[in-house]
Amino acid sequence: MRDLTIGKAARDAGVGVETIRFYERKGLIEQPAKGAGYRTYAPEVVARIRFIRQAQGIGFSLKETRELLALRANPNADCAEVRAQAEHKIAVVDERIAELLRVRAALEAVVASCPGHGGLEGCTILEALEDPKHGPVPCGCDEPREDTTMKTVTLKVVGLRCASCAASVGSLLDAHAGVRSVDVSFEEGRARVLYDPATTSEDRLVALIEKRGFRVVARDPA
């Protein structure tokens, strides 16, 4: 197949010309040299652009997409590395969903307190926004916690067969709310986690690991 002009490449990939130029500036695709006064693009560039768009469509950032492209081009890369990236993104999405649900609860609270009629001087929504003491505390995010002491637990994990497995577990735990640091070793078959007990618990950490197909057989609280 012959090389394509930027306009034809954009049409085939389902994007605009400016999108291709943007990807070039970000280093996601290589800008070809000019030939005969204009640049032409190899047909495989179209497939690369479609890959980038698909990755963005399911939530990967440009930086994460660049990492996926590097893995895709590496013949020695393991599928587990891609899975670890995707699992980390799932954890991030879960955190965003939780935050959006807290925002929704806050909005529902101020809407419920509004009479829905009358002058603006009596609008409880505006009062709550101007001075929180006139309205409910939305989600308790700023309420003081009784126990803010960090805890450490070492979990004995069965099924960590390689560095990619360890990286997968590490990424999963690191993205979990309340986890401050993670050290996973497949050689020792363990995951050491520093976490905030006011936000999460050993049971939740164990459930996260076992949900991904590994098995926790022992716990050693510090």
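Per-residue answers, yes or no, for (1) at pLDDT 70 or above; (2) closer than 22 Å to L205 by Cα; (3) surrounded by 12 or more Cβ atoms within 10 Å (Cβ to Cβ); (4) assigned by TED's automatic domain parsing to the domain that holds F186:
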| position | (1), (2), (3), (4) |
| --- | --- |
| E99 | yes, yes, yes, no |
| R104 | yes, no, yes, no |
| A112 | yes, no, no, no |
| E121 | no, no, no, no |
| E127 | yes, no, yes, no |
| E146 | no, yes, no, no |
| K156 | yes, yes, yes, yes |
| S164 | yes, yes, yes, yes |
| A167 | yes, yes, yes, yes |
- Looking only at region 34-60, count how many residues are touching a helix residue (DSSP H, G or I) at 6+ places or on another chain (Cβ under 8 Å), in a helix (DSSP H, G or I) and more than 14 Å from L4 (Cβ to Cβ). 5
- Item | Total residues in region 189-222, condition closer than 11 Å to L173 by Cα, exposed (fewer than 15 other Cβ atoms within 10 Å of the Cβ) and β-branched (V, I, T) | 0
- Task: Select from region 1-25 the residues that are touching a residue at least 40 places away in the same chain (Cβ under 8 Å) and either surrounded by 14 or more Cβ atoms within 10 Å (Cβ to Cβ) or closer than 22 Å to R72 by Cα (or both) and list them in ascending order.
- Result: D3, L4, A9, A13
- Looking at this structure, is R53 over 28 Å from I209 (Cα atoms) and at pLDDT 85 or above? yes
- Note on the structure: Within region 11-50, the residues that are of a type in the set (A, V, I, L, M), over 16 Å from R66 (Cβ atoms) and more than 25 Å from the chain's Cα centre (by Cα) are A13, V17, A33, A36, A42, V46
- Members of region 170-181 found to be out of contact with any Lys or Arg (no Cβ under 7 Å at 6 or more places or on another chain) and either closer than 21 Å to R83 by Cβ or surrounded by 19 or more Cβ atoms within 10 Å (Cβ to Cβ) (or both), listed by number: G170, S171, L173, D174, A175, H176, V179
- Any residue in region 7-26 that is outside the structural domain of D174 (by TED's automatic domain parsing), among the aromatic types (F, W, Y) and more than 22 Å from S164 (Cβ to Cβ)? yes
- Within region 79-91, is there a residue that is at pLDDT 85 or above, among the polar types (S, T, N, Q) and either farther than 30 Å from R161 by Cα or outside the structural domain of A167 (by TED's automatic domain parsing) (or both)? no
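The values are calculated or read from the model by the stated rules, or taken from the named source; none is laboratory data. Everything quoted here is computed from the prediction, not taken from an experiment. Here Cβ is always computed from backbone atoms with ideal geometry, including for glycine, and neighbour counts include all displayed protein chains.
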